[in-house]
Structure formats: C-alpha cells, structure tokens
Amino acid sequence: MRWLIILVSTALLLPCLLIGSNSSSVYHIEVRHVLDDKTPLTIEQVLLRDWNQDPVSKVNFGSSGKAHWFHFEIPDSYFDREENVMIEVHYPTVDYLEFFVANSLDEITQHYVTGTDFPFASRPIWDDDFTFKVRPELDGKRIYIKAQTSNSLQMPIRLYGEKEYYQKEEWNLILWGAYYGTLLVMSIYSLLNGMIIRESLFYYYVIYVLSTALLVSSLNGHGFAYLWPEYPAFNNASITLFSCLTTAFGTAFAMTLLEVRRYHIVYTWLGKSTIAISLFLAVIALVTMQDLAFYATIVALLFATVMMAFGIKSVLERYYLGWYFMVGWSVLLMSIGIFALNMLGIMPTNALIYHSKEIGSVFEIIIFSLAMSAIYRHEKEERSRINSALDMMKQRLQSRVNIVNSQSGFLEIPALDKHVNDIRDLDRRVHSEMGRVLVVSVIVMDRTTLRPDYIALGDCLRILFNSSVSVFPFKTSTPGVPGEVTVLVFPLHNKFEAEGIIERVEKWHYSLGDQYDLHFGYAISHLTEKYDVDYIEESFHYLEEAMQKKSISYSIDETLSFIHRQNSAF
C-alpha cells in the first residue's frame, strides 16, 4: 500500500515538473530592464529611450518597492504564423502592472493597467497570471511593462502561440485541480476522524491543511481569480494571513503529534512563542489589510527552525513517530526555506524552485498518510497488549477474591499490597503508551448494618469480569472510608471515554434497590511523565467526600462535563 501511494503520487508529480520545465518562453527573447528610482519615467520618455544601453533583465529582483520598466520585442519568427501571440507574466503577486504595445511609429496600440491592487476584472484575460493577447502585424511588436510591488518582484516573461497557450492552461487546470482536491480530501478525512475520536490533533491538522491550500492559492493567484476576485484589499493581505495561519496551526499540530510537553520546557516555550507571533501577525494583516509578506517570510523561517528542532528531539527520544515527522517535515521545511530564500532574492528562479512549496506539501501529505496509519497500528497493538495484561491481572485477582459465606455476606480479602503496585504499574504503562487511566473507588453500604456489603459488591464484580476493566479489592486505612474498598481501573483512549463509564457506574445504585447505598469517587490521570499525584489515594479522598456529602459520586476533575456531581444517594 505504501509503495502504491508513492508511485501514484510520483505519477501525479512528474507531469507538474515536466510542464513546469517546458513552460519557459517558446520564443527566445531578450528583455531589457531599467530601475525607475529617481524621477518617474513617462511612457513618452520610455519610447524614446535607447534600450540597448540598459542591462539585460534578470528574473528575480527580491523585495523591492520601487518601480521597474521592462522592454522587449516579439520575435520576427512569429510573423510567419497567422496567430495571436500570448504574452504571460508568470508571477501573479505584482501590485501594480502597466502593459503597453507600440508600433514602429511609436504609437501606443494597447494599454492596460492591472495588478493585485485592482479588481481581477481589470485583466484583459481571466488568468491567475498576467496574460495579454497581441497581434504583432496589427498592433506592433514593441512591448513595454511597468511593474511595482510591495513584496518580492519577479518578472518571468513567457511567449506562446494562442493554441499552445490554451493547451497549457487546460493541463494546468487539471493538475491544480488534482492538487487542491488532494488537500481538500485529506482535510475532510481528518475532520471526520476528529469528530469521531474528538482529539485536537485532527482539528489542528484540518486547519493546517486548509491554510496551506489557501496560502498556495494566494501565492499562485488562484484565490484572487476564483475566491475573492472583487476584493483586492483582502488579496493584498491574504499571503500574510494564510502564511501565519499555516505556521500557527502547523506548530500546534506538531506539538500535539510529538507530545512536545514531554520534553524540556524550552521546546514548549518555542512552540507557543511561534504560535503567538504568527497569530499576532495574522491579526495585524487582517485588520490593516496590509501586505506584510516580508515579515511573514521571516516567521516562516522561524517556523522551519522550530519544527526541525522538534523533529530532531523526537528522533533522539526514540518516539515512534519521530522518523515519519523528520522525513515529511524535512522535505516540506526545506521546500519552504527554498521558496522563502527565492522570495528574498537570494536564490534564482526556475520552475522547480518556484513550485517547491507545492512539491513539498504533496510529499508531506504522503508521509503523514503513512504516519496516520502508523498511529492506528501502534494504538491497536498497545490496546491489545494492555488488554492482555488486564486479562492476566483479572485471572490472578479472581483466584484471590472468593466469597466464603454468601449468607453472612463476608468477602475474604487477603493482603493486597501487591495489587496496589499492580495498579500503579498499569497506570504508568497505559498512561505513557495509550492515553489516560480512570481510577474509581467504590463502596456499597448496607443501610441496616451501616457496614460495607460484599454480596452486592460481589455481584458487581462478576459483571465487571466480563468487561475491559481491572478490579482490585483491598483494605484501606484512609479516614472516613470504613473497611475494604474496591478500586476499578479503566484504561482510556481519550478522556471523553470516561463519561460513559461514570454514568454506567452510577446506574449500579438503581439496580441495588433500597437496602443498599453506593458511593464512589473517581480520578483521571493526566498526560505527564511525573507521577507526583497518587490517583488511588485521590480517588479514596473523593469517595470519602461522597460519603460525607451523602452523594453517589464526587470528583473535582476538570476534564469532564459531569464534575462535582451531587446526586443524593438518600
């Protein structure tokens, strides 16, 4: 199954790379460039300018807020074909872009003003990039472009025949649809799992995946083209907003997946700081509608560093998901780093580098699909192992628990200090491997004799032997709890499973009749490697409180919706 996923994903990825590598200019053109950093140049001055003295344009200008002029001529080879030429500026995040076509008489035959600061309808052709249609024999072949943006400026100019252009667009729509569809399916699948299991891990992953999809759509112009074409102000802030959301919820997902709080507090502090900074910057971008992509890029680099630290620590700690995380996130973070350096103008631009973020995210989805399967297999194995341990404990306990005289109602209970150690050992095993442990201390009192009744309790024990619970009856010296108390230990996959168990224990009271009163206290172990809290003694304390308050049950555990139950037993 793993190799099938990898082969299918590779089959989907290779066409993207091939199309990207073949999407360079169909015609060889030489683009000249001049920086408009002094007195703003007018189109009249640009037409009279001797462009042969200006340098050949590079593609990537890094983060630059100044205006740039570009000039080239459509190759003469196009005149041999009776077809329009499509001029594409393959960089969709330019704030202001002005396009001119001039003939041999220096007359302007076409003029467009567009960019992300204008509604999407300002573009002559509905495309996520900036595309213009020119008929050289009628309009002229001299092209002038003025560009200015607040973030990274790149000017990869490509020329196509009209037929070739629309063929390319068809393939692009299919491949981008497959990419976004994959992310959408993964997010819906994780959302359904989260609704069933009710674990925050899946919700963090859903928001992370959706934020990643929206970030990619903002960077590639798809969001502006199809989601918010009439809101250029929001589009201006969208890259910063979705980049920060991706960083924040990606960090939260990683911290939950790797259980970072088990490590040194510095790792938790780093993760929470990254989340706080990201959310703060996202709020600023949303409120001011400003493009803060430069700061978002720096936060993304911080995100990459923190995530790598988490991955290395998880591998060193031999956490079973450590290598999945390292492989998946290393490729993704490397691709984010490459894209960030490209945005800052440090790395050159080509199809592979420009689409590195998409390549990394696809690879990450594959790896985390395998990781989710590993989580399921690991938990299934652990549950089977712990159930086997519970069965052995039940067999050992059943051989010790023996009702000697059913008429007198006395229960023979040997010295059970060993069982106390069994409970603590079981707590540590389940606690560290699966999730949490619910400890319930139960006593059944005879209203006539005001003594614990073991016949009724023995009936309860017989029922419990058929369920997934360990039963430990033993004597206690806890003040306020007379004689013997039975402790029930329930392994939990998550804290929400405890609610149904508590309600089931409460129902025993109604099945005992008017002659008996049932009291119990319960405590839930928390996710920590420190065992400073003795959950057995804690449950004894709550049992004592329940008896004093004459209620069925008592607890102060804040993880459940049924805390502080005061149901009267009388």
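The values are calculated or read from the model by the stated rules, or taken from the named source; none is laboratory data. The structure displayed is predicted, hence computed values, not measured ones. Here the Cβ positions follow ideal geometry from the backbone for every residue, glycine too, while neighbour counts run over all protein chains shown. For the accessible areas, the whole protein counts, side chains as well, though only heavy atoms, and no ligand, DNA or RNA atoms are used. Shrake-Rupley method; radii C 1.70, N 1.55, O 1.52, S 1.80 Å.
Annotations
- Counting charges near Leu332 (Lys, Arg +1; Asp, Glu -1) among other residues having Cβ under 12 Å from its Cβ returns a value of -1.
- Going by accessible surface with a 1.4 Å probe and the largest first, Val331, Val489 read Val331, Val489.
- Across Lys168, Lys133, Lys58, the residue with the most accessible area heads the list, and the full order at a 1.4 Å probe is Lys58, Lys133, Lys168.
- The solvent-accessible area of Ser384, taken with every protein chain present and a 1.4 Å probe, is close to 70 Å².
- What region 100-239 shows is 43 Å² of accessible area per residue, with the surface traced by a 1.4 Å probe over protein heavy atoms.
- Sequence ranges 269-279, 103-113, 312-322, 218-228, ranked by mean other-Cβ count within 10 angstrom, highest first: 218-228, 269-279, 312-322, 103-113
- If the chain linking Tyr320 and Trp126 were pulled fully straight, counting 0.36 nm for each residue of separation and taking away their Cα-Cα distance, it would gain 65.0 nm.
- Peptides 497-509, 31-43, 249-261 ordered by packing proxy, namely the average of other Cβ atoms within 10 Å per residue, highest first: 249-261, 497-509, 31-43.
- Cα centroid separation, region 106-161 to region 45-66 (Å): 16
- Cα gyration tensor shape for region 133-271, rounded if a/c is under 1.5, else prolate or oblate: prolate
- Environment charge of Val101, counting only residues whose C-beta is closer than 9 Å and scoring Lys/Arg +1, Asp/Glu -1: +1
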